1. Can you name every residue in the stretch 142-157 that is open to solvent by 20 Å² or more (accessible area, probe 1.4 Å) and either touching a His at 6+ places or on another chain (Cβ under 9 Å) or aliphatic (A, V, I, L, M) (or both)?
2. Being modelled with pLDDT of 95 or more, closer than 15 Å to A192 by Cα and among the charged types (D, E, K, R) is the filter here; which residues of the stretch 135-177 pass it?
3. Scan the stretch 13-53 for residues that are in contact with a strand residue (DSSP E or B) (Cβ under 9 Å, 6 or more places away or on another chain), more than 21 Å from L91 (Cβ to Cβ) and of a type in the set (A, V, I, L, M, F, W, C) and jot them down.
4. Here are some conditions: (1) surrounded by fewer than 20 Cβ atoms within 10 Å (Cβ to Cβ); (2) within 29 Å of L84 (Cβ to Cβ); (3) not β-branched (V, I, T). E168 meets all but one. Which one does it not meet?
5. Please work out if E160 is away from the ligand (no atom under 12 Å from the Cβ), open to solvent by 70 Å² or more (accessible area, probe 1.4 Å), farther than 21 Å from G70 by Cβ and touching a Gly at 6+ places or on another chain (Cβ under 9 Å).
6. Among the residues of the stretch 105-141, count how many are within 13 Å of the ligand (Cβ to nearest atom), buried (at least 17 other Cβ atoms within 10 Å of the Cβ) and of a type in the set (S, T, N, Q).
7. Looking only at the stretch 171-228, filter to residues that are of a type in the set (D, E, K, R) and loosely packed, with under 12 Cβ neighbours inside 10 Å; which one of those is nearest to the ligand (Cβ to nearest atom)?
8. Kindly list, by first and then second residue, each pair from a residue in the stretch 104-123 that is without any contact (Cβ under 8 Å) to a residue 24 or more places away in the chain to a residue that is assigned to a strand (DSSP E or B) and open to solvent by 40 Å² or more (accessible area, probe 1.4 Å), limited to pairs with Cβ atoms under 7 Å and residues at least 6 apart or on different chains.
Amino acid sequence: MHVQQILFSQGFGTRHECTGMVVNGQVSLAGRVLDDPFEDLDTDGLVLHVNGEAWPYAEKAVVLLHKPAGFECSMKPKHHPSVLSLLPGPLRVRGIQPVGRLDEDTTGLLLLTDDGALIHKWTHPKRKLPKVYDVTLKHPMDEAARQKLLAGVVLDDDPEPVVASAAELLTPTLLRLTITSGRYHQVKRMVAAVSNRCEGLHRSGFGQLSVPPDLKPGGWVWVDPSAV
Ligand code: URA
């Protein structure tokens, strides 16, 4: 693929702007500044440097964001900035979107992609992808409440109980809860259903992924979709 076409496909601007970036010497490959916008490159495993930043070619973008508190997952945020503002411009140009939603005050693992089929696959209830939440509780939780979460609790909008597939007390006020469904405010409402209150919520796992230990809140990394 031509360098200009590659840049365009990755969200770096119009074809004209991408041509300009090459002509201006903003794009390099393995230390060599590319000066011909129409040079043909093999996209397999390609890592360009654009304005000094490494940019691995990805036909479809999938990234893992360590969501900080104070950001909304909505595309049209009302009270706080959007999580999209934490990602580089080219990913926003490509129409990257969160895979499901986390509340504004929830921190942790948020996947985003520009591949609608992947969003569908990863959020489809039938897939039952595990999501792991570390819940800071207002009151110490007893064994009876933990068992209730595993047996299933009824939320106010649906008579069908929702169950936790795992519920581990790391301390009496720190619960590691695994769920495979994704209802509105599900964790907070499950915790409320056993007469407790969620004081802090952090998603530590999604599918097979967990937040990389060295990834600070607000940071993001590329993800291989087969690793989810
Ligand atoms: N459940 C909630 O209550 N909030 C979240 O952000 C995610 C799951």
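The values are calculated or read from the model by the stated rules, or taken from the named source; none is laboratory data. None of the values given here were measured: they were computed from a predicted structure. With ideal geometry, Cβ positions are generated from the backbone for all residues, glycine too; neighbour counts draw on all protein chains shown. Accessible surface areas use protein heavy atoms only, side chains included; no ligands, DNA or RNA. Shrake-Rupley method; radii C 1.70, N 1.55, O 1.52, S 1.80 Å.
1. Initial filter on the stretch 142-157 (open to solvent by 20 Å² or more (accessible area, probe 1.4 Å)): 142-144, 146-148, 150-152, 154, 156-157.
Scanning the stretch 142-157 gives A144, L150, A151, V154.
2. K138, D142, R146, K148
3. A30, V33, L34, F38
4. Tallying (1) surrounded by fewer than 20 Cβ atoms within 10 Å (Cβ to Cβ); (2) within 29 Å of L84 (Cβ to Cβ); (3) not β-branched (V, I, T), E168 fails exactly one: (2).
5. Working: away from the ligand (no atom under 12 Å from the Cβ): yes; open to solvent by 70 Å² or more (accessible area, probe 1.4 Å): yes; farther than 21 Å from G70 by Cβ: yes; touching a Gly at 6+ places or on another chain (Cβ under 9 Å): yes.
For E160, the condition - away from the ligand (no atom under 12 Å from the Cβ), open to solvent by 70 Å² or more (accessible area, probe 1.4 Å), farther than 21 Å from G70 by Cβ and touching a Gly at 6+ places or on another chain (Cβ under 9 Å) - is met.
6. Of the residues in the stretch 105-141, 2 are within 13 Å of the ligand (Cβ to nearest atom), buried (at least 17 other Cβ atoms within 10 Å of the Cβ) and of a type in the set (S, T, N, Q).
7. Going through the stretch 171-228, the residues of a type in the set (D, E, K, R) turn out to be 176, 183, 188-189, 197, 199, 203, 214, 216, 224.
Pick out the ones that are also loosely packed, with under 12 Cβ neighbours inside 10 Å and you get 214, 216, 224.
Working: D214: 23, K216: 20, D224: 24 Å.
Only one residue tops the list, namely K216.
8. I119/Q97
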